[in-house]
Structure formats: structure tokens, C-alpha cells
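The values are calculated or read from the model by the stated rules, or taken from the named source; none is laboratory data. Keep in mind it's a predicted model, so treat the numbers as computed, not measured. So basically every Cβ, Gly included, is an ideal-geometry build from the backbone, and we count neighbours across all protein chains shown.
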Amino acid sequence: MLGPELITKLPPMTTANPTNAADPRPALRAFPREDLIQFIEDAGFPAFRGKQVFHWLHRKGVRDIAAMKNLPADLRQWLIENTRLGGVDGIERALVSTDGSIKFLLRLRDGLKVEAVLMPGSGNNADKMTLCVSSQVGCAVDCKFCVTGMNGFYRNMTPDEIVDQVLITRAHLEQLDDGRFLRNIVYMGMGEPMLNPENVIASVRILTDQEGVNISNRRLTVSTSGIIPGLEKLAAADLGVGLAISLNSPTNAERQDIMPITRKYPLEDLLDTVARFPLRTRERVTFEYVLLGNVNDSAAHARQVAKLVKRVPCKVNVIPFNPDPALPYERPEDEAIANFQQILLDANLTASIRWSKALDVSGACGQLAGQSRQRTE
Ligand code: SAH
Ligand code: SF4
């Protein structure tokens, strides 16, 4: 958990590992398959070699170009000289929660750290894991209830870094060999995916590629605080992924107090954009609503939420605020949580309560970065 002394913004980033970070060679793991094939063709090798490299990178998850056994020696040599694998440098720490979640602190090549959390499903789905990935180091959106936001923004993550969170944690899970497997991916870790839309879109293309990690687009969800230009780019890419919107308040006046980004992208414009978003047939948008005790948890709020979201096919996820000493909010009363959900249900909406996972290792979504406070020494 964050201590109160961390409330202040962090100092500007300096690079911890300049030699490695300055390596200008393109990262192989950052290319969607078609782009990788083109890149390797441009270097004078046949297209099928590009596909083989893609298999090694994403299906097998190799961490060394020399391990790409079926490639001719000249191609391997060319790759070693002119490219790098890219991705995450390594696992700094993996913490196991009593609820079965595993929180990973991952080291990037410039020494910065991000978190990714594997969370088990509930009941019969305990073997099906959901991975929560980060899309930026820190976050610039500055939501007042979020630890990541409080720590400030460092940089965008590259597609290879986003993808490698999946490869590296999936490999860890496979090593455990306890019958659990990766099923869903949610972009709900550190950062605002829609302020890094190009890299997020590239990472989705790579992760959903049937020749690679092959995560179904119906099992992948991008969550956003409502950055309209980014959402429009994601919509134009038409990837068929799930969409979650962090709503958190039904009126602009109140929402801008807890999410200042509302001034730039007001709710009515956001709802218009969401209504146009190309979802798959029968798919619904998820509205996430962090319930802050005595702030946005009244019956009147619930009724306003119901009215606001009714115009789009949706479900509402009510998330009781996960307190932190650095944050000025309280957990809502159990009664307020139940009432809020009931009002939504009575308005014929699908509404569930999402209890944060991995609380004992402070791994809950929005609580990430607590221990990854960036070191600049
Ligand atoms: N930036 C994106 C995705 C990451 S935040 C977004 O905001 O949607 C993921 C989720 O965690 C958001 O829905 C956010 O509202 C929630 N969250 C942030 N801080 C929280 C806290 N202290 N308790 C509970 N949920 C929190
Ligand atoms: Fe950024 Fe999302 Fe946290 Fe807001 S809730 S500060 S957008 S990570």
C-alpha cells in the first residue's frame, strides 16, 4: 500500500539503463504479423520466413533469436544484428494473493516498472484466469480516486511491452502447472489505453492473431476513462473487442470533480461516441462505476446513472472503492452498495458488483503502481 508520503507527484523520469534503452533497433515483438512479414521481405527474405518468426515470437514466446531453430543461419544472423526481440526485461516480483490472484511487477528495458495481475474467475471458473495489463507507465488522466493517477505519467508503453505482459505471465502460469490457464485480457492496469491508441491497437492485433497468442477478441476488453479521439481510433480499427467505460458519475458537474478529464470530454459527447462504437452482435458495453462512500453512491445517483446509460446496450459494473491511505475517499456502506445495484436492476439494467481482487498484494485494478513507484537513481 502507498504511504501518505507518496502523495506528492514523482520527480521527472531519468533513464536507469541508458545503453539498453537507447538501442535504436526495431523490436520484433512490436510488429503485427503482416507488418513483420513485410519487414522481413524488405530485408530480402521470403514471406513465409516472416510467418515463422511470428510463430517463434508469439506462439512459442522465445526470449532469444538464436532459439528460432528452423530459420536459416543468414536470417538469424541478420535478425540478431538488425533487430531486438523487445518486450519486458523480466519479472521483478510475483506476489500471490490469498484469493489466488498473482500480481507481477515487471521491469521494462529503461528500468521503469509496470504491474500486471492474473485474477481467477469465481466459482466454477476458478481455473480461468483474466490478465489485467498496463498500457502506459503511470497515467496523466489524474482521476482523484486512483493511485496510478496520483503517481503521475512517465511514458507510453510500446506494443512489444504490452504484448509481453501476456507472454511472460502466461509462461509463469504454465510453469505452475496447476490446471489454471489464461482466458481473458483486460486493459485495466496502469495507464489510459486511449491516450496510447496506436500502440494499444497494434498490441490487440498481435494478441488476437490466430497464428500467435490467439486470444479471441471476445475475451479481450479495453477500458477507458472516456478519451473520445482514442475511442474513435479504436472504433475505426474495428477489432471486435469489448469496451468498458469508467463512468463513475452521472453528471458533468460532479464527474469533473473526480475525473477532471470530463471538462475536455463531456458525458453527452462520450455517450454519443460509445453509442456508435462497433460492437459484435449481442455484445454490450460495460460501464464501470467506482462507488465512493457518500460521494457518488446515493439512490439519486443510481437513478441518474440508469437514465444516462439506457440509450446504449450495456451492463453496469459497480466497483466498491478500494481505499488507500493516499486517497481522500471512503469505502461505501454495504447498504449503499446493495441499494445502488438494486435501483439499476429495477430499471431493467444488468448490474453486478465487482469486488477487487488481490487486495492483500495491493493488486486491485486502479491500485497498481503502489509499489512500482519509479526509481530514478
Ligand atoms: N485508465 C483506464 C483503465 C485503467 S483503470 C480507465 O480508467 O478505465 C481501471 C479501473 O480501475 C477503472 O474503472 C477505475 O475506475 C478503477 N479504479 C481506479 N481506482 C480505483 C480504486 N481506488 N478502487 C476501485 N476501483 C478503482
Ligand atoms: Fe488513469 Fe484510469 Fe486511474 Fe483514471 S482511473 S487515473 S484514467 S488509470
Identify all residues within segment 68-107 that are closer than 17 Å to HIS172 by Cα, assigned to a loop (DSSP other than H, G, I, E, B) and not charged (D, E, K, R); write none if there are none. GLY87, VAL88, SER97, GLY100, SER101
Residue by residue through segment 143-154, note down the ones that are more than 6 Å from ligand 2 (Cβ to nearest atom) and either modelled with pLDDT of 95 or more or farther than 17 Å from TYR329 by Cβ (or both). LYS144, PHE145, GLY152, PHE153, TYR154
State yes or no: is MET150 under 27 Å from ASN248 (Cα atoms), among the aliphatic types (A, V, I, L, M), in contact with a Phe, Trp or Tyr (Cβ under 9 Å, 6 or more places away or on another chain) and surrounded by fewer than 24 Cβ atoms within 10 Å (Cβ to Cβ)? no
Given the options ALA351, ALA326, name the one that is among the aliphatic types (A, V, I, L, M) and either more than 28 Å from THR98 (Cβ to Cβ) or in contact (Cβ under 8 Å) with a residue 40 or more places away in the chain (or both). ALA326
Residue among LEU239, LEU243, LEU292, LEU271 that alone is in contact (Cβ under 8 Å) with a residue 40 or more places away in the chain and under 18 Å from the mean Cα position of the chain (by Cα): LEU243
May I ask you to list the residues in segment 236-282 that are closer than 14 Å to LEU220 by Cα, modelled with pLDDT under 95 and of a type outside the set (Lys, Arg)? LEU279
For segment 326-365, give me each residue that is assigned to a loop (DSSP other than H, G, I, E, B) and at pLDDT below 85. SER356, LYS357, ALA358, SER362, GLY363, ALA364, CYS365
Just give me the residues in segment 187-226 being part of a loop (DSSP other than H, G, I, E, B), without any contact (Cβ under 8 Å) to a residue 60 or more places away in the chain and in contact with a Leu (Cβ under 7 Å, 6 or more places away or on another chain), in sequence order. THR208, ILE215, GLY226
I'm trying to understand the selection: among the residues of segment 155-179, which are polar (S, T, N, Q), more than 16 Å from ligand 2 (Cβ to nearest atom) and in contact with a helix residue (DSSP H, G or I) (Cβ under 9 Å, 6 or more places away or on another chain)? THR158
